[in-house]
Amino acid sequence: MNDSKPLSKNNSASVESTIETIREIALNHEYNNTVNELDELDTKLKNRKIYIVVLGLFKRGKSSLINALIGDNLAPVAITPLTSVITFFQYGDSKKAEIVFENNSKRTVEVDEIVGFVSEEFNPENTKKVRQVKVWLPSKILKNLVLVDTPGFGSLYEHNSDTTISFIPKIDAGLFVLSADLPMSKADGEFLKDISMRVPRLFYLLNKKDLLRDEDLEKLLKFNMKSIAGQTGPNSSCIDLVPVSAKQYLESSTDDLKQQSGIPDLKIQLIHLADEEGNDLIRESATNRIREMLDQMIQFLSLQRSAYNTPIEDIEAQMHHLRQSLSVIQTNQGDFSSVINNRIKLIREEFTDMVNRRSVRIKTHFRDQLMNSDTLDHILNNKGTKEFLSDLNSDIEESYKELHLSIEKKVKQRFTDIMRDFVNQSQHFLNELSQQLENQFGTSIDMVIDKFDLDVYSPFYIRNVSDYHISEPGANPLLNFLPKSLVKRRFVKSVLRELDRAITRNSAAMLYDISYRMDESLRKVNYDLNARTEELINELIAIMARSKADISGMRADIKDAIDQVDADLLRLKKLRAEL
């Protein structure tokens with residue numbers, strides 16, 4: 001967790017007075033983005049609602065968990081979610097939903113329509129340009145908190161052209177969800193290590209506990225608690241990993257069975273957290289956000305002060321250079337995108353070949369079993385057709401699980417390397433621009449792209465794609481009159497045909513999954529890079545334009561303007577030192 005001390009009413013300055021001071025300075029210097037961010041933060045403090053975000057990798061049962069907590073099946077489950085859309089569940093007198101698009105336009109829809117905006121099936125590659133979804137409903141647990149559904153690892157951050165502040169500092173508490181159908185993975189651990197440093201309070205949940213016997217559940221809990229401790233620091237005996245079953249809660253018809261799911265106790269904990277500790281958590285996350293705003297305002301005011309001592313013609317030249325720089329960066333990104341696309345094409349070809357070669361081996365292995373007459377006779381005589389096919393399907397599924405685990409890490413690493421080159425291309429240009437500004441004005445500007453978190457854009461946790469199985473041949477009474485050898489040949493022929501179909505469809509599904517995730521991640525990182533770059537450069541241009549106007553309008557009184565900036569800088573630096 002974050003060790004920094006949050007502002008409180010017992011400190012020298014409260015959160016509210018700090019916000020008011022920053023707002024006064026931001027308004028005076030026309031930092032509109034900062035003012036909007038402060039207004040949002042102020043509203044959250046007044047409403048006293050904490051943001052509890054459900055965190056975890058794909059297929060951990062996060063949406064089912066939210067449905068169990070709110071007591072309604074509103075969070076879409078059993079879908080392929082978009083990596084870029086998060087959903088907010090908050091209290092309202094009646095059910096309604098609102099879709100917020102990337103251009104900040106909004107559309108009110110029925111709650112059962114949201115699946116059309118957050119699923120890959122109905123909104124492929126986010127062609128509808130959805131940024132987030134808000135849902136209101138009269139659920140008791142939402143009285144003092146907002147539940148946030150993140151459909152996967154890559155969806156934790158909220159990026160748009162209005163703010164450079166990530167979503168993480170807005171989180172007051174998180175539910176970190178693991179699944180009982182697999183141990184805590186390296187990817188789970190990397191994700192946890194990152195968020196545990198930034199989120200004020202984390203609850204650790206092991207969902208799908210109904211899948212395990214008590215003794216197996218106990219072993220998995222111990223293993224996962226040790227893994228959690230390895231990522232967060234505390235001894236595993238201090239880790240409280242709570243086993244729950246959202247499915248059991250939602251499907252149970254009696255209060256006793258619902259209680260056994262662990263969900264009712266979790267609800268009580270969260271309501272208590274919001275009621276008793278909500279204010280402290282909100283202040284802690286507010287402090288995180290205030291730090292980021294203060295750092296940026298100090299940089300911008302330092303630039304503004306330097307500009308006051310710069311000849312107008314030099315300011316105009318620098319403004320012109322910044323506009324050209326934005327155009328060059330965007331053009332270079334477009335050109336570099338072609339190079340990136342070619343490299344991604346090579347990755348596709350490489351992994352297509354890998355999947356196809358492995359699929360041939362899988363097919364050959366099972367084909368040999370079927371074609372071996374003695375082996376087949378033994379299997380059918382001892383198991384029967386239904387059990388044999390059930391085992392065969394399990395073996396195929398296990399083969400594809402092994403394949404997808406071996407590919408998953410390789411794809412993520414290769415793609416992350418490509419994304420790093422893509423970001424570094426823009427960062428290199430911005431570093432040069434930052435150096436020029438420092439040489440011109442004597443002020444260092446932190447170009448925010450160097451904090452770009454590539455893990456957010458490389459969510460290659462491939463879903464289990466072995467969805468296609470071999471069906472049992474339909475009953476045919478006429479087969480009873482045919483020779484056994486002929487019946488066996490017909491059976492083998494039928495199963496081989498289904499085997500080809502199952503392997504082809506599973507391989508195609510895996511390759512599509514890899515391809516989609518690379519395309520979506522590239523689209524998103526390109527969009528966010530452009531948005532961040534454009535916002536930053538436009539903010540710098542606006543600062544210089546205001547400085548130029550001030551110099552032109554009050555040449556005789558420019559010292560007063562410099563004194564005001566110095567005074568504001570002193571106030572901001574004092575506030576920052578207190579944090």
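The values are calculated or read from the model by the stated rules, or taken from the named source; none is laboratory data. Here the structure is a predicted model, which is why all the values come from computation and not from measurement. As a convention, Cβ positions derive from the backbone with ideal geometry for all residues, glycine included, and neighbour counts pool all protein chains shown.
Condition first: outside any helix (DSSP H, G or I) and modelled with pLDDT under 75. Can you find one or more residues in segment 420-443 that meet it?
Filtering segment 420-443 down to residues outside any helix (DSSP H, G or I) leaves 442-443.
Imposing the further condition that a residue be modelled with pLDDT under 75 reduces the set to 442-443.
Checking segment 420-443: at least one residue is outside any helix (DSSP H, G or I) and modelled with pLDDT under 75.
A count restricted to segment 47-57 and to residues that are of a type outside the set (Val, Ile, Thr) and either within 10 Å of Val177 (Cα to Cα) or free of Cβ contacts under 8 Å to residues at least 60 places away in the same chain (or both) stands at 4.
Return a yes/no flag: does segment 108-119 have any residue that is free of Cβ contacts under 8 Å to residues at least 40 places away in the same chain, closer than 29 Å to Asp513 by Cβ, among the charged types (D, E, K, R) and surrounded by fewer than 23 Cβ atoms within 10 Å (Cβ to Cβ). Reasoning before the result, please.
Applying the first criterion (free of Cβ contacts under 8 Å to residues at least 40 places away in the same chain) to segment 108-119 yields 108-113, 115-117.
Filter again for closer than 29 Å to Asp513 by Cβ, leaving 109, 111-113, 115-117.
With the extra rule that they be among the charged types (D, E, K, R), the set shrinks to 112-113.
If we keep only those that are surrounded by fewer than 23 Cβ atoms within 10 Å (Cβ to Cβ) too, we end up with 112-113.
Yes, there is a match, as at least one residue in segment 108-119 is free of Cβ contacts under 8 Å to residues at least 40 places away in the same chain, closer than 29 Å to Asp513 by Cβ, among the charged types (D, E, K, R) and surrounded by fewer than 23 Cβ atoms within 10 Å (Cβ to Cβ).
Between Leu522, Leu479, Leu529, the distinction of being at pLDDT below 80, among the aliphatic types (A, V, I, L, M) and surrounded by fewer than 19 Cβ atoms within 10 Å (Cβ to Cβ) belongs to Leu479 only. Residues that are in a helix (DSSP H, G or I) and within 11 Å of Leu250 (Cα to Cα) were ranked within segment 49-74; the one that is modelled with the lowest pLDDT is Ser64. May I ask you to verify whether Ala246 is hydrophobic (A, V, I, L, M, F, W, C) and free of Cβ contacts under 8 Å to residues at least 12 places away in the same chain? Here the answer is no, as Ala246 does not meet what is asked.
Going by what's in this entry, would Val109 be described as at pLDDT below 90 and either over 30 Å from Val242 (Cα atoms) or out of contact with any helix residue (DSSP H, G or I) (no Cβ under 9 Å at 6 or more places or on another chain) (or both)? Give the derivation first.
Numbers: at pLDDT below 90: no; either over 30 Å from Val242 (Cα atoms) or out of contact with any helix residue (DSSP H, G or I) (no Cβ under 9 Å at 6 or more places or on another chain) (or both): yes.
The answer is no for Val109.
If I ask for residues that are surrounded by fewer than 16 Cβ atoms within 10 Å (Cβ to Cβ), without any contact (Cβ under 8 Å) to a residue 40 or more places away in the chain and touching a helix residue (DSSP H, G or I) at 6+ places or on another chain (Cβ under 9 Å), which ones from segment 123-144 would you list? Spell out how you get there, then give the answer.
Filtering segment 123-144 for residues surrounded by fewer than 16 Cβ atoms within 10 Å (Cβ to Cβ) gives 124-125, 127, 129, 138, 140, 143.
Among the residues that remain, those that are also without any contact (Cβ under 8 Å) to a residue 40 or more places away in the chain are: 124, 127, 129.
Selection gives Pro124 alone.
Being outside any helix (DSSP H, G or I) and modelled with pLDDT under 75, is that true of even one residue in segment 375-392? Please lay out each step first, then the result.
The first filter runs over segment 375-392 and keeps only residues outside any helix (DSSP H, G or I), leaving 384.
Now drop any that are not modelled with pLDDT under 75, which leaves 384.
Yes: one or more hits.
Val177 falls short on exactly one of the conditions (1) of a type in the set (A, V, I, L, M, F, W, C); (2) surrounded by fewer than 22 Cβ atoms within 10 Å (Cβ to Cβ); (3) at pLDDT 80 or above, and that condition is (2).
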